[in-house]
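All of the numbers you see were taken from the coordinates with simple rules; none came from a lab. Keep in mind that what you see is a predicted model, and the values were worked out from it rather than measured. Cβ coordinates were reconstructed from backbone atoms using ideal geometry, including for glycine residues, and neighbour counts include every protein chain displayed.
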């Protein structure tokens, strides 16, 4: 089975930069280009299933309903 | 009251590009640089509170626990 | 680009049974076998991108961190 | 106080199959029938409050807004 | 079937103050005492299933993983 | 940069009461007044970035889409 497309509007291709392994969940930092980073917390068993390690090509994805917006005052 | 810092590791400054207004929730597309877009669905009343319109400066933010990871086969 | 695998532990193959279209978000009911249903709310633009309609084959997926547990008293 | 009904459209009765205990969060695998499994990550203190152990009857529940949809190519 | 307890650590009893009905999702404002309000967006079909209207007694609940923290500068 | 306002409708000022530190994620209990508590699970690195400790002033915030509603039978 191959996933063709997923509805999450927010999908960023990147490279795993760093993994902080925990007992149940782990933190994965993904570089998505132009020095931008996305951090993901996933189950440690997923890390193993996907065989993720620094340098692995991944897509970081999240649903639009999860994104909050803030207005700000530029410094 | 001024928020100094928020724990969400994923915070991207950008500009509102487009708003699709709905009765209860609205879809906001934010340009975060280098042609990258983040889409957010927020309540329509928030759009009004924050006075968001195309061109508004915003931060799109989301928690690390919301980010899924996929491995892929480059085309 | 083809997604090979995604970290979400919870992935259910099914068939779209019903779509209730809204202005910004839509509700999609997916039959995953044995009369079990999963309901998903996604952006209406995703429905169009994925060309979803009743009968479409889909995978419903969600992260483990989103699942709550309740104990109960069988009737 | 007894909860009569909850709005989450997605509620699956099942049995705890396995618990992987962590320092702050734990992973609980729930069998919902027909060899289908749902994995949940909850706080370890919840595990203790609900006295969950393999064999416990539970309901796994999640909101529709958390469910993403993917289209796929059957193998 | 009666739910005895749910793992969500964050559960607030309150009274529905206002419902803004939408085509697919609706916004429900819940008063939890001491002039504190919690806003929930749920599917409109859930509103009907639970027969919610202003004055209804409800519990607003959410998982700990959904809560972000910010530090602030008191005014 | 200073955040002026954030769209999350649910924002509660409070004081950190307790932190249970884990390897990757930590649990923070926040007292929001009138003996009400909100529990948040955030990455342990966020705890350090925000220099959170018991007594710290924080805002607990979450999106409306994350809040479920239950009807109940008062005891």
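Looking at this structure, is residue A:67 in contact (Cβ under 8 Å) with a residue 12 or more places away in the chain, farther than 30 Å from residue F:4 by Cα, crowded, with 17+ Cβ neighbours inside 10 Å and facing another protein chain (nearest Cβ under 7 Å)?
No, not satisfied.
Working only within the stretch E:21-37, note down all residues that are within 14 Å of chain C (Cβ to nearest Cβ) and under 15 Å from the mean Cα position of the chain (by Cα).
Initial filter on the stretch E:21-37 (within 14 Å of chain C (Cβ to nearest Cβ)): E:21-27.
The answer is E:21, E:25, E:26, E:27.
Condition check ((1) within 14 Å of chain E (Cβ to nearest Cβ); (2) more than 9 Å from the chain's Cα centre (by Cα); (3) under 22 Å from residue A:11 (Cα atoms)) across all residues:
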| site | (1), (2), (3) |
| --- | --- |
| B:3 | yes, yes, no |
| B:9 | yes, yes, yes |
| B:17 | no, yes, yes |
| B:39 | no, no, yes |
| B:51 | no, yes, no |
| B:56 | no, yes, no |
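Sort out which residues of the stretch B:41-64 are part of a helix (DSSP H, G or I), within 22 Å of residue E:25 (Cβ to Cβ) and touching a strand residue (DSSP E or B) at 6+ places or on another chain (Cβ under 8 Å), and write them in order of number.
B:44, B:45, B:46, B:47, B:49
Scan the stretch B:1-40 for residues that are part of a strand (DSSP E or B) and either farther than 17 Å from residue A:70 by Cβ or touching a helix residue (DSSP H, G or I) at 6+ places or on another chain (Cβ under 8 Å) (or both) and jot them down.
Residues satisfying the conditions are B:5, B:10, B:18, B:19, B:20, B:25, B:26, B:27, B:28, B:37, B:39, B:40.
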